[in-house]
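Below you'll find the structure, written out as structure tokens, and then a few comments.
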Amino acid sequence: MDAWCHWRKELRSFALDAIQHVELTDIPAKEVAREVLAEHFQSGYGIYAGKADKWAVLKFSKTRAQYVSLERWHTHQACTWLDDGSYQLEVPYSKDQELVMDILRFGADVEVLAPPELRARVRDQLRAAAKIYK
């Protein structure tokens, strides 16, 4: 559920199954303009809301390029076919949890080119997974 958080004083997404207590109060609901809601909840990648402040640059192998080029990851994505037959995809995001999961499903067929912190997070996840299979 997307709503105004009076405690944090910002828009937030709440998991309904995690809500433990509901209380009716006299505090009036805060009106938020449709444009503000769209900017907050639709500018970043996936279900994790927040204004997109980073861009992921992903390079997909020639093997997976055709498949990935048919997918729409985000309404503001940028795509480029590279000379070697690989495919570069750029998507805006604010929080990387879902993005990291989607990147990991491509294994060795994708490389995170930027930003460095996303590249490091994917690398660390791959290293942790590789330890399980030693």
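The values are calculated or read from the model by the stated rules, or taken from the named source; none is laboratory data. On a predicted model such as this, the values are computed, not experimentally measured, just so you know. Virtual Cβ from ideal backbone geometry, glycine too; neighbours counted across all protein chains shown. Please note that ligands, DNA and RNA were not included when accessible areas were found on the heavy atoms of the full protein model with its side chains. Shrake-Rupley method; radii C 1.70, N 1.55, O 1.52, S 1.80 Å.
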If we ask which residues in region 17-36 are among the polar types (S, T, N, Q) and either open to solvent by less than 90 Å² (accessible area, probe 1.4 Å) or part of a helix (DSSP H, G or I) (or both), their number turns out to be 1
Give the residues of region 79-120 that are part of a helix (DSSP H, G or I) and open to solvent by 70 Å² or more (accessible area, probe 1.4 Å), sorted by residue number.
Gln97, Met101, Ala108, Pro116, Glu117, Arg119
Pairs needed: first member in region 29-45, within 14 Å of Ser94 (Cα to Cα) and modelled with pLDDT under 75; second member anywhere, open to solvent by 90 Å² or more (accessible area, probe 1.4 Å) and not in a loop (DSSP other than H, G, I, E, B); C-beta distance under 7 Å; at least 6 residues apart or different chains.
Phe41/Asp2
Flagged pairs (Cβ under 8 angstrom, 6 or more apart or on separate chains; first in region 81-92, acidic (Asp, Glu); second open to solvent by less than 10 Å² (accessible area, probe 1.4 Å) and assigned to a strand (DSSP E or B)) are Glu90/Ala56; Glu90/Leu58
Take region 70-116 and flag every residue that is in contact with a strand residue (DSSP E or B) (Cβ under 6 Å, 6 or more places away or on another chain), under 28 Å from Arg12 (Cβ atoms) and among the polar types (S, T, N, Q).
Gln77
If Trp7 satisfies all but one of (1) open to solvent by less than 90 Å² (accessible area, probe 1.4 Å); (2) part of a loop (DSSP other than H, G, I, E, B); (3) under 23 Å from Gln97 (Cβ atoms); (4) modelled with pLDDT of 75 or more, what's the number of the condition it fails?
(1)
Residue satisfying all of: in region 53-78; open to solvent by less than 30 Å² (accessible area, probe 1.4 Å) and either modelled with pLDDT under 85 or part of a strand (DSSP E or B) (or both); nearest to Gln97 (Cα to Cα) among these
Ala56
